[in-house]
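The values are calculated or read from the model by the stated rules, or taken from the named source; none is laboratory data. Treat the numbers as computed from the prediction; the structure is a model and nothing was measured. Positions of Cβ are generated from backbone atoms using ideal geometry, with glycine treated the same way; all protein chains shown enter the neighbour counts.
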Amino acid sequence: MVGMEEEEEEEQRRPPVSPFGVYFNSSSISLAVLAVLEIEEPINIPHSRLVFLLDTLLLRVHPRFSSVIVTGKDGEQRWKRVEVNLKDHIKTAVFPENRSPEYYEERFSSYLSEISAELFLGNRPLWEIHFVKYPTTNAAGNVVFKIHHAIGDGYSLMAALLSCFKRSDDPSLPLTFPDIRIRRSGDAGGGKKAAVARALASAFNTVSDLWTSFSKTKLLADDLSPVRSGETGVGFRPISAATMAFSLDQIKQIKSKLGMTVNDVVTGTVFLGTRMYMKEMEPGSEDAETTSIVVLNTRMLRSYNSVHDMMMSKATESPWGNHFAFLHVGLPKLMSTMARRSLEFLKATQKVIQKKRSSVAVHLNGGLIQLYRKLRGSEAASSYVYWAVKNTSMAITNMIGPTEKMTLADHHVKGLYFLLAGNPQNLTVTMVSYMGQMRVSIGTEKGFIDPNKLKSCIQRAFDLILNSTC
């Protein structure tokens with residue numbers, strides 16, 4: 001009897017998995033982040049040094065990296081600390097030797113596709129590091145961190161990974177990040193009448209967004225189109241990927257000329273390129289009802305906190321874990337003469353996003369899902385989140401990276417991007433800034449969407465917007 005009580009007490013002391021961690025580790029969805037580091041020189045890290053680095057850095061960054069998810073007697077998922085055998089987590093790709101960079105580029109793409117569809121084993125901590133020591137057209141080698149989304153969101157995972165990196169120019173100095181300016185719709189002036197008008201608009205937008213969220217989950221799905229098949233099981237299939245880089249200076253030029261945010265410009269560019277792709281693949285489909293899930297970080301932050309600060313109880317503004325929300329943003333319809341009207345499309349996108357930002361439905365939705373979980377259970381809540389995502393066409397998410405070049409074990413990182421595996425949609429677009437560039441990555445269901453053609457459309461969309469603006 002005493003033994004059972006001690007066991008129950010030990011179980012209760014284990015930290016619970018966050019709500020979104022539960023939703024993303026279910027029979028409906030299993031999300032993982034693939035962070036890809038393009039290395040400047042051939043990868044040559046002695047195994048003993050790699051084990052030492054992972055043991056002294058990554059495993060000590062946060063307990064999640066040495067924990068597994070277990071389900072308690074109360075049905076709740078919790079984190080349980082375990083011994084970590086690093087050999088189980090270090091993977092090295094093996095390809096034929098002495099081939100061309102183009103050959104290895106294709107093999108690396110196939111390798112990413114393969115590991116994107118592999119599920120983590122439940123008896124090991126939910127992360128892996130993959131080394132691809134073959135020169136591609138972009139790098140002398142690649143390192144891929146694969147981490148389950150239950151461990152944390154992009155902000156948490158970026159903070160954890162950065163603890164393993166050093167500044168290339170001066171390892172004694174910390175990495176720095178672009179300044180984040182948080183816009184608040186309520187900051188505008190205009191007196192009492194304007195404040196009342198904003199409050200009424202916010203209330204109306206909140207009701208409208210709550211209805212949109214509910215209807216997308218339970219009633220109305222997006223139209224089928226070249227970017228949405230509507231099939232189930234998409235999240236457990238391999239993905240294909242393509243990446244592109246845009247100059248942050250050019251994005252800021254457009255931003256300043258049009259009075260927008262960087263996110264407005266990049267999101268509008270991706271939306272325009274997606275509509276152009278739809279038109280080219282199936283004329284007429286560019287008018288299909290198409291909605292994107294735009295992921296927002298809900299922390300009140302201006303830069304990355306250290307992992308230590310994120311774990312402290314006082315750091316309530318930017319804690320560890322999954323702290324984000326979804327916006328349902330409808331893609332504007334494609335206009336006829338895009339060379340002249342690309343800016344109108346961009347402004348239409350901005351207008352939709354501004355309305356969403358003035359709504360508090362983002363926060364209410366999280367509370368409603370939590371209430372649904374308490375009433376119906378975790379699996380039912382996971383299913384609700386699954387349908388809320390699946391019934392839309394695409395997802396967009398972004399992170400901020402360092403402004404300086406990084407090194408990992410004395411290897412210079414020339415490029416950085418990330419992908420999302422396990423998304424029940426056919427299309428995911430991810431963005432990260434690094435060394436003055438915005439790296440945009442496209443993850444698509446393999447065989448359904450042509451990522452390189454879509455990449456070309458997004459690049460043409462950016463050129464249209466840049467030329468029309470500057």
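Could you grab me the full set of residues in segment 418-427 that are in a strand (DSSP E or B) and either at pLDDT 95 or above or touching a helix residue (DSSP H, G or I) at 6+ places or on another chain (Cβ under 8 Å) (or both)?
Correct list: F418, L419, A421, L427.
State all residues of segment 117-141 that are in a loop (DSSP other than H, G, I, E, B) and closer than 24 Å to G415 by Cα; if no residue qualifies, say none. Steps first, please.
So in segment 117-141, the residues in a loop (DSSP other than H, G, I, E, B) come out as 117-126, 133-140.
Those that are in a loop (DSSP other than H, G, I, E, B) and closer than 24 Å to G415 by Cα: A117, K133, Y134, P135, T136, T137, N138, A139, A140.
Could you list, in sequence order, all residues of segment 12-31 that are part of a loop (DSSP other than H, G, I, E, B), under 13 Å from I69 (Cβ atoms) and either of a type outside the set (A, V, I, L, M, F, W, C) or without any contact (Cβ under 8 Å) to a residue 12 or more places away in the chain (or both)? Step through it out loud before you land on a result.
Our first condition is that a residue be part of a loop (DSSP other than H, G, I, E, B); within segment 12-31, this holds for 14-15, 17-18, 24, 26-29, 31.
Remaining after also requiring under 13 Å from I69 (Cβ atoms): 14-15, 17-18, 24, 26.
R14, P15, S18, S26 - these are the residues of segment 12-31 that are part of a loop (DSSP other than H, G, I, E, B), under 13 Å from I69 (Cβ atoms) and either of a type outside the set (A, V, I, L, M, F, W, C) or without any contact (Cβ under 8 Å) to a residue 12 or more places away in the chain (or both).
This table checks each residue for (1) over 26 Å from S156 (Cα atoms); (2) touching a helix residue (DSSP H, G or I) at 6+ places or on another chain (Cβ under 7 Å).
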{"site": "S378", "(1), (2)": "no, yes"}
{"site": "S383", "(1), (2)": "no, no"}
{"site": "A409", "(1), (2)": "no, yes"}
{"site": "L416", "(1), (2)": "no, no"}
{"site": "V429", "(1), (2)": "no, yes"}
{"site": "V432", "(1), (2)": "no, no"}
{"site": "E445", "(1), (2)": "yes, yes"}
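Scan segment 42-68 residue by residue and report those that are in contact with a Gly (Cβ under 7 Å, 6 or more places away or on another chain) and in a strand (DSSP E or B).
V68
Matching residues to (1) surrounded by fewer than 18 Cβ atoms within 10 Å (Cβ to Cβ); (2) closer than 30 Å to G436 by Cβ; (3) among the aliphatic types (A, V, I, L, M); (4) out of contact with any Ser or Thr (no Cβ under 8 Å at 6 or more places or on another chain):
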| residue | (1), (2), (3), (4) |
| --- | --- |
| Q253 | yes, yes, no, no |
| T267 | no, yes, no, no |
| T274 | no, yes, no, no |
| A288 | no, no, yes, no |
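Spot the failing condition for S28; the list is (1) in contact with a His (Cβ under 7 Å, 6 or more places away or on another chain); (2) closer than 26 Å to T397 by Cα, and only one is missed.
Only one criterion is unmet by S28, namely (1).
Does L343 meet the test of being at pLDDT 80 or above and surrounded by fewer than 19 Cβ atoms within 10 Å (Cβ to Cβ)?
Judged against the criteria, L343 is a match.
Filter segment 227-241 down to the residues that are touching a Leu at 6+ places or on another chain (Cβ under 7 Å) and under 26 Å from I353 (Cα atoms), then identify the one that is surrounded by the fewest Cβ atoms within 10 Å (Cβ to Cβ).
G230
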